[in-house]
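The values are calculated or read from the model by the stated rules, or taken from the named source; none is laboratory data. Predicted model, so just to flag it, every value in this text is computed and none were measured. Every residue, glycine as well, gets a Cβ built from its backbone with ideal geometry; the counts of neighbours run over all protein chains shown. Ligands, DNA and RNA are excluded from the accessible area calculation, which covers all protein heavy atoms including side chains. Shrake-Rupley method; radii C 1.70, N 1.55, O 1.52, S 1.80 Å.
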Protein chains: 2
Amino acid sequence: MLSKKTKYGLKALTFLASQKGRQPVQISEIAKQENISRKFLESILLTLRKSGLLGSKKGKGGGYYLIKEPKDIPMTVVMRVLEGPIAMVPCVSLNFYEKCSDCPDEASCSVHMLMLQVRDSALEVYKNNTLADLVP
Amino acid sequence: MLSKKTKYGLKALTFLASQKGRQPVQISEIAKQENISRKFLESILLTLRKSGLLGSKKGKGGGYYLIKEPKDIPMTVVMRVLEGPIAMVPCVSLNFYEKCSDCPDEASCSVHMLMLQVRDSALEVYKNNTLADLVP
DNA sequence: GCTTAGCCTATTAAATCGATAGGATAATAA
DNA sequence: TTATTATCCTATCGATTTAATAGGCTAAGC
């Protein structure tokens, strides 16, 4: 299940991408437009900024803005920042690999086999979409 | 992330599918072979039985067995029983649909749009695999 | 009628999630 | 310089979910 963090993060990013210029938009403005808790959204935007996707400006006229053009932001990046691994199981994760403590042999593990396919198919979708594709 | 319940369930089903005949196999036997907590596995097998995938036999010589042939068990069914919705968000779920409380319009929702693609790609994988395909 | 092995419900410890609180910091305007 | 504005940051909290365990009940077989 997609976390609310990811859901809200995607909505916020899409909202920013749909703005005319790249002027800063206040948290409250985004929260209001997208029906998101102001404080919760704040923490999400913070992680998006720390990950390098967003820039911010303090004080009057401040807010958050996209650093790159939406078409240059692949969903693989966004999803990994917000949701973490794309794989459903650490042993098939490209960026967050971890060996299973049970499971003596990955090559012959049915879960591994199936989840590899699922990861690849999800990856395919995320690779084929940039933030620009999410703007209606 | 895949729950341990699903992971263990998949391993147990694969183990049963790999058996020669369709003789009942004891919980303890499966638990031992697959490194799964005996009691936890018991509860998982119970839900698999209630869902109609497994049959069971009590008393001496008892255990669990597959009701159908592995090749006749699509992974869509297995995953929905064990993990629940295949969709990452209820508003794109075929079998567990639910409207989002936020989000005034699904058609123009970026999350909806993206997650529809992800669901379809996952569904494609699960449709193309039966339990038989998981046996090494 | 004893043993075996699944049936079933309840409970619990830990982790995660969604949300909130509140002061610190920096940028702008008066 | 000072007031205002809006982000920065850390800490906490309640609710839910997850993984696992406990323990008695029921039915099948010998």
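Laid out as a table, the results:
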item: Filtered residues of the stretch B:57-80 (kept if more than 8 Å from DNA strand D (Cβ to nearest atom) and open to solvent by less than 50 Å² (accessible area, probe 1.4 Å)); result: B:Gly63, B:Tyr64, B:Leu66, B:Pro70, B:Ile73, B:Pro74, B:Met75, B:Thr76, B:Val78, B:Met79
item: Pairs where the first residue, in the stretch A:23-34, is within 13 Å of chain B (Cβ to nearest Cβ) and the second is within 13 Å of DNA strand C (Cβ to nearest atom), C-beta under 6 Å, 6+ apart; result: A:Ile30/A:Ala12; A:Ala31/A:Arg38; A:Ala31/A:Leu41; A:Glu34/A:Lys11
item: Subset of the stretch B:119-132 that is touching a residue at least 40 places away in the same chain (Cβ under 8 Å), more than 7 Å from every other protein chain (Cβ to nearest Cβ) and not polar (S, T, N, Q) - its residue that is nearest to B:Pro90 (Cα to Cα); result: B:Leu123
item: Criterion: more than 16 Å from DNA strand D (Cβ to nearest atom), surrounded by 17 or more Cβ atoms within 10 Å (Cβ to Cβ) and away from chain A (no Cβ under 14 Å) - qualifying residue of B:Leu53, B:Leu48, B:Leu16; result: B:Leu53
item: B:Gly61 more than 12 Å from chain A (Cβ to nearest Cβ), in a loop (DSSP other than H, G, I, E, B), free of Cβ contacts under 8 Å to residues at least 60 places away in the same chain and not β-branched (Val, Ile, Thr); result: yes
item: Some residue of the stretch B:72-89 being closer than 19 Å to B:Gly21 by Cβ and not small (Gly, Ala, Ser); result: yes
item: Hits in the stretch B:55-92 - residues which are modelled with pLDDT of 95 or more, small (Gly, Ala, Ser) and out of contact with any strand residue (DSSP E or B) (no Cβ under 8 Å at 6 or more places or on another chain); result: B:Gly84, B:Ala87
